[in-house]
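Participant: Pasting a structure here, questions to come.
The values are calculated or read from the model by the stated rules, or taken from the named source; none is laboratory data. These figures come from a predicted structure and were not determined experimentally. Here Cβ is always computed from backbone atoms with ideal geometry, including for glycine, and neighbour counts include all displayed protein chains. Protein only, heavy atoms only, side chains kept; ligands, DNA and RNA dropped before computing areas. Shrake-Rupley method; radii C 1.70, N 1.55, O 1.52, S 1.80 Å.
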Amino acid sequence: MSDKITVLLVDDHKMVRQGVRAFLQAQADIEVVAEADSGETAVTLAAEHAPDVVLMDLVMPGMDGVAATRAVKAQSPRTQIIMLTSYHQDEHIFPAIRAGALSYLLKDIEPVALANAVRQAAQGEAVLHPRVAARVVQELHGTRQEAVNVFTELSDREMEVLRLIAAGANNSSIAEQLVISEKTVKSHVSNILSKLHLADRTQAAVLAWREGVVRRDDA
């Protein structure tokens, strides 16, 4: 039985997958067991192969890397996820880490460093791009510059949805009050959680109350 580190490659660009595969396959201790060009396919292949490590793209059509990471970790907790992307903004970093990604790397990484990150992930050791690591440390230390007004990135419609969430409305009620579809409401809620770096709507409601977005006489 092989003791190689098994890897699933997930990226919607074939050229990227081919390049990463070519280098990793040349490593004596790493085996690429499958490739996926979408989040949906990644979840299916992860269930089939239960790889040690998944190299996950972030932005893909359909199911994105965050949703795919969450689904893969739910069905195979032992599988470690390395987010390999070109995006380093907060709205990408924190949702990915909260979804279960162990490591977060940018696609400008040197091939040797990527192979080493795979080996470290297989041992449960996280690797973060320096720029990403700096943001994580700042977040942990509570030094985010935008903390003065945490809602500046929300659109007017997202603020409306947030107020209704804080008032205790469910998606169906929000859709009815704003005369939009529930699917649109879900999209707004997802954007709100992503932009505010929150895990669920309860946290969003608490933050809204704390920051005075909704008052007792509004609820």
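Participant: With viscosity set to 1.002 mPa s and temperature to 20 °C, compute the Stokes-Einstein D of the chain, Rh being the Kirkwood radius across alpha carbon pairs; µm²/s, no decimals.
Facilitator: Values: Rh = 18.7 Å.
Calculated translational D: 114 µm²/s.
Participant: Of ALA42, VAL66, SER172, whose Cα points farthest to the positive end of the dipole of the chain (charges on the beta-carbon: +1 Lys, Arg; -1 Asp, Glu; origin at the Cα centre)?
Facilitator: The residue sitting most towards the positive pole is SER172.
Participant: For every helix of n ≥ 4 consecutive DSSP H residues, a contribution of -39,500 (n - 2.57) applies; sum these over the chain, divide by its total residues, and give [θ] at 222 nm rounded to the nearest 500 deg cm²/dmol. Show your work: numbers first, answer last.
Facilitator: Values: 10 runs with 111 residues, N = 219.
Computed mean residue ellipticity for the chain: -15500 deg cm²/dmol.
Participant: Relative to the longest principal Cα axis of the chain, at what angle does helix 156-166 sit, 0 to 90 degrees, rounded to 10?
Facilitator: For 156-166 against the chain, the angle is about 80 degrees.
Participant: Could you please state how large a percent of the accessible area of the chain is carbon and sulfur, counting protein chains only and using a 1.4 Å probe?
Facilitator: Values: 5910 of 11360 Å².
About 52 percent, which is the carbon plus sulfur part of the accessible surface.
Participant: Between rounded, prolate and oblate, where does segment 12-90 land on the alpha carbon gyration tensor, with a ≥ b ≥ c its root eigenvalues, rounded for a/c under 1.5, else prolate if a/b exceeds b/c?
Facilitator: Oblate is the answer for segment 12-90, as a/c is 1.5 or above yet b/c matches or exceeds a/b.
Participant: About the Cα centre of the chain, how large is the charge dipole given +1 on each Lys and Arg Cβ and -1 on each Asp and Glu Cβ? Please answer in debye to the nearest 20. Please report the intermediate quantities before stating the final value.
Facilitator: Details: 22 positive and 29 negative charges, 69 e Å.
For this selection, approximately 320 debye.
Participant: Next question, about the same structure. Ignoring ligands, DNA and RNA, what accessible area per residue does segment 66-107 give at 1.4 Å, in Å²? Walk me through the numbers on the way to the answer.
Facilitator: Working: 1550 Å² over 42 residues.
With all protein chains present, segment 66-107 gives 37 Å² per residue.
Participant: What order do VAL7, VAL112 take when sorted by accessible area (1.4 Å probe), most exposed first?
Facilitator: VAL112, VAL7
Participant: Working out 0.36 nm times the residue gap between GLN123 and GLU48, then minus their Cα-Cα distance, what length gain in nm do you get to one decimal? Display every interim value, and only then the final one.
Facilitator: Values: separation 75, 0.36 × 75 = 27.00 nm, distance 2.13 nm.
Contour length minus Cα-Cα distance gives 24.9 nm.
Participant: Using only Cα atoms, find the angle between the long axis of helix 201-210 and the longest principal axis of the chain, and express it within 0 to 90 degrees, rounded to the nearest 10.
Facilitator: Approximately 50 degrees, to the nearest ten.
Participant: Related question: Relative contact order (percent) for segment 1-117, with alpha-carbon contacts under 8 angstrom and 6 or more residues of separation? Could the numbers behind the result be given before it?
Facilitator: Working: 209 pairs, mean separation 26.8, N = 117.
Relative contact order here is 23 percent.
Participant: Treating the angle as unsigned and between 0 and 90°, give the value, to the nearest 10°, between the Cα long axis of helix 14-25 and the longest Cα principal axis of the chain.
Facilitator: So the helix axis and the longest Cα principal axis differ by about 50 degrees.
Participant: So for the pair ASP29, ARG78, with labels modelled 7 Å out along Cα→Cβ, what separation do we get in nm?
Facilitator: Using points 7 Å along Cα→Cβ, the separation is 1.8 nm.
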